[in-house]
Every structure is written in structure tokens, then in C-alpha cells.
């Protein structure tokens with residue numbers, strides 16, 4: 001279904017390009033559409049625009065995976081309430097700096113959390129509290145209390161998987 005949703009816009013767009021090309025250019029195609037188009041033709045093109053502009057993007061968004069990771073072994077994993085909250089907090093507070101495949105985060109300055117070795121909730125909470133390894137590369141106390149605990153629970157569940 002997803003393949004059809006991705007290919008269909010290109011097929012329809014190709015048909016539209018062919019119509020414009022064989023009509024003699026954009027202005028001639030517009031004139032042909034307005035003056036000489038059949039009733040079916042005048043119905044098909046607005047439907048085409050609706051499909052390309054609304055339905056296809058909606059299908060693609062509906063097909064996105066919102067599991068623990070969305071890909072690989074985490075695709076079918078479920079999250080506890082705390083882990084789900086940690087996922088949201090990680091996306092908003094950590095994803096701009098850290099790489100984590102489970103949320104498709106491509107951070108620039110922080111370490112790749114999928115490649116740092118064993119990741120435990122305590123290790124993540126300590127890094128949040130101290131500011132990473134204590135070298136002032138990460139703001140200390142970025143998250144506190146239950147928020148830091150939730151991020152630790154989420155990252156320890158999905159990092160490196």
C-alpha cells in the first residue's frame with residue numbers, strides 16, 4: 001500500500017506533464033482545460049490535485065511507525081507511560097544534539113547514544129545531572145527529577161537496538 005501511495009503521485013504528475021507538453025505549454029494547456037475540456041476531464045484534474053495534495057500525504061503520515069523505535073527490533077515494542085514521556089522529552093530536549101536511531105535523531109554535538117556502550121537509566125540520569133561527562137559540553141541539569149528519570153528509562157530501552 002505504501003509503495004502505491006508513493007508511486008501514484010509520480011504517475012499522476014507524469015500524466016499531467018505529458019498533457020501540458022502535448023497541449024503546447026502551460027498557457028495552451030490551461031486554455032484547453034478551460035475551453036475544450038470535457039466534463040470528465042474537468043472533474044479528473046481537480047480530483048488529481050486533491051489526491052496529490054491531501055490524500056497521499058495523509059496516507060504517508062498515517063503509515064508512519066510510532067512504536068518504541070519505528071524500525072528494526074523496536075518496531076513492535078511497546079512503551080510504558082514513563083518511557084513514552086521520556087521519548088517525547090528526548091525529542092524536545094536531546095535530539096538536536098544526540099544521535100538515536102529509535103527517534104531518527106541525527107545530533108551534531110553530542111555522542112551517538114547508539115554507540116556509547118552499555119546504557120543504563122542511572123548512566124543517562126547521571127549524564128543529565130552532571131552535563132554529560134562533566135566537560136561542560138552539555139548543560140548540567142537540563143532535565144530534572146521525574147523528567148530525567150523518564151528520559152533515562154526510554155534511552156536505556158532503545159539505545160543501540
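Rundown of residues vs (1) modelled with pLDDT under 75; (2) under 30 Å from residue 114 (Cβ atoms), yes/no style:
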position	(1), (2)
38	yes, no
42	yes, no
75	yes, yes
81	no, yes
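What residue, among those in the stretch 139-161 that are surrounded by 19 or more Cβ atoms within 10 Å (Cβ to Cβ) and part of a loop (DSSP other than H, G, I, E, B), is farthest from the chain's Cα centre (by Cα)? Result: 143.
Beta carbons closer than 8 Å, at least 6 apart along the sequence or on distinct chains, pair a first residue in the stretch 1-22 that is under 15 Å from residue 53 (Cα atoms) with a second that is modelled with pLDDT under 75 and not in a helix (DSSP H, G or I) for 5/63. Of all the residues in the stretch 119-138, those that are over 20 Å from residue 82 (Cβ atoms) and either surrounded by fewer than 15 Cβ atoms within 10 Å (Cβ to Cβ) or more than 27 Å from the chain's Cα centre (by Cα) (or both) number 7.
The values are calculated or read from the model by the stated rules, or taken from the named source; none is laboratory data. Everything quoted here is computed from the prediction, not taken from an experiment. Cβ coordinates were reconstructed from backbone atoms using ideal geometry, including for glycine residues, and neighbour counts include every protein chain displayed.
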